[in-house]
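Chemist: This is the structure I have questions about; it appears just below.
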Amino acid sequence: MNDAPAPIRILVDGDACPVKDEIYKVAWRHEVPVVVVSNAPFRVPIHPLVRRVVVSDGFDAADDWIAGEASPRSVVVTADILLADRCLKAGAQVLSSTGKPFTTNSIGSQIATRAIMADLRAGGDIIGGPAPFTKADRSRFLSALDAVLVRLKRH
């Protein structure tokens, strides 16, 4: 009987992810496979640890694939709050591209805020989008991904 833990892997919601290059660098250093999931094909590095999965352009097809693959040995990178919730329920570690972790303690309030913002937009209120992505966000993401992988390797 094999008692080895399942392999760690990184699942990337790839269509709008601004930190793919950073993910590859950290993954290669830790020798962790990366699966980039998208609705449309785009270039990924030719590397044995990187795999691209192109799903249909159906609504939530990429999210459904990622949520179906998420496990306690997965790190999911996404900006999608509802996908983050589904992956947390599967036991995955979930990071935003700014390095902010989604957690079971914070996801409920994030979903509520998302719903309020959607209601405001539907009512015609003009509200701003997310803050521009910065070098500090990129740096925070690199540190957060590295820390999550180190933690998963220890357990």
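None of the figures in this text is laboratory data; all of them are computed from the coordinates on show. Model, not experiment: these values are computed from the prediction.
Chemist: Which ³J(HN,Hα) values, rounded to whole Hz and listed in residue order, are derived for the stretch 144-155 from phi using the Karplus coefficients 6.51, -1.76 and 1.60 in 6.51 cos²θ - 1.76 cosθ + 1.60 with θ = phi - 60°, glycine and proline given as x?
Modeler: Couplings: 5, 5, 4, 5, 5, 5, 4, 4, 5, 5, 6, 9 Hz.
Chemist: Follow-up. When the Karplus curve 6.51 cos²θ - 1.76 cosθ + 1.60 is applied with θ = phi - 60°, which whole-Hz ³J(HN,Hα) does each residue of the stretch 93-99 get, with x for Gly and Pro?
Modeler: Residue by residue, the stretch 93-99 yields 8, 10, 10, 7, 5, 8, x Hz.
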